[in-house]
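Student: Below is a structure I'd like to ask you about.
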Amino acid sequence: MTPSSRSGSLTLLSMAAMLLSTSVFAQDSAATLAERLARVMRLDQFVVQGAAAQHLANPKSAGSEEPTDKQRLDLLRCLEHADTSKVIQALASVAAQELSVGEMNVALAFYASSAGKKQMQRELVEAQRGYGYELAGASPSLSSDERERLERFRKTPASAKLEEIPLRLRETPDSRKAVYMGGDMVATNCLRHLGFPRD
């Protein structure tokens with residue numbers, strides 16, 4: 001091999017290594033962004049609180065007596081402080097496939113704003129009331145500027161794709177199983193810790 005051909009081979013190897021490292025970095029970046037987005041949107045709490053509500057709706061799990069207000073609040077606190085990393089990872093894997101890095105950055109910027117934080121809380125409170133947690137807390141109101149920002153975000157591709165995540169989750173058996181099994185485990189652990197009857 002001549003010096004020039006050796007130099008050319010080294011250059012090609014360097015370029016290949018650079019492209020490979022760039023590709024791996026991009027994948028890691030997308031996964032990291034997706035996990036951060038799932039946490040910021042508190043998607044894990046929608047899952048675990050829904051799982052706990054299903055258990056409470058089951059007479060064998062809930063027992064003969066209706067849970068007290070204190071028990072419900074204690075349950076919410078337990079769920080909010082539980083380790084939901086497995087649920088987050090499964091949700092993030094779906095989000096990373098559905099949204100581009102740019103779209104995830106758009107969503108993260110919105111949910112980092114006051115409008116995004118309030119809207120996330122409004123959606124969680126609404127879900128909690130639907131689950132039967134009547135003492136979930138007051139739903140924050142949006143200012144006119146915050147409502148405008150929310151409407152602008154709702155018109156973005158990022159918002160539209162986030163709305164599709166539940167559908168995509170149903171179409172991805174492994175992720176769906178991981179989400180619901182992880183959510184059920186967290187809910188079961190909290191119910192057992194707080195002394196709720198178990199079937």
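Student: Using θ = phi - 60° and the Karplus curve 6.51 cos²θ - 1.76 cosθ + 1.60, what whole-Hz ³J(HN,Hα) does each residue of segment 160-174 get, with Gly and Pro shown as x?
Tutor: Taking θ as phi minus 60°, the curve returns 4, 6, 4, 5, 8, 4, x, 5, 4, 5, 5, 8, 10, x, 5 Hz for segment 160-174.
Student: Residue by residue through segment 109-122, which ³J(HN,Hα) values in whole Hz follow from phi under the Karplus form 6.51 cos²θ - 1.76 cosθ + 1.60 (θ = phi - 60°), with glycine and proline marked x?
Tutor: 5, 5, 6, 7, 7, 4, 5, x, 5, 5, 5, 4, 5, 4
Student: Relative contact order for segment 34-193 using alpha-carbon pairs under 8 Å, separation at least 6, rounded to a whole percent?
Tutor: Relative CO of segment 34-193 lands at 40 percent.
Student: While we're looking at this one, here's another question. Report the label-to-label distance for T68 and T156 in nanometres (one decimal), using points 7 Å from each Cα along the Cα→Cβ vector.
Tutor: 4.5
Student: A further question on this structure: Students often get this wrong, so check it: of K155/K177; K117/K155; K117/K161, which have C-alpha atoms separated by over 23 Å?
Tutor: The pairs that break the limit, which is 23 Å between Cα atoms, are K155/K177.
Student: Moving on. Can you give the FRET efficiency for S139 and A31, using 1/(1 + (r/R0)^6), R0 = 25 Å, r = Cβ-Cβ distance, to the nearest 0.05?
Tutor: Taking R0 as 25 Å, the efficiency between S139 and A31 is 0.20.
Student: Further question: Would you mind ranking M120, M41 by Cβ crowding within 10 Å, fewest neighbours first?
Tutor: Ascending number of Cβ neighbours within 10 Å: M120, M41.
Student: Still on this structure, please answer the following. Can you work out the FRET efficiency for the pair V101 and M181, with r the C-beta to C-beta distance and R0 = 30 Å, to the nearest 0.05?
Tutor: 0.55
No lab work stands behind these numbers, since they all come straight from the coordinates. Owing to the predicted nature of the structure, the values given are computational and were not obtained by experimental measurement. Here the Cβ is made from the backbone with ideal geometry for all residues, glycine too, and neighbour counts use every protein chain on show.
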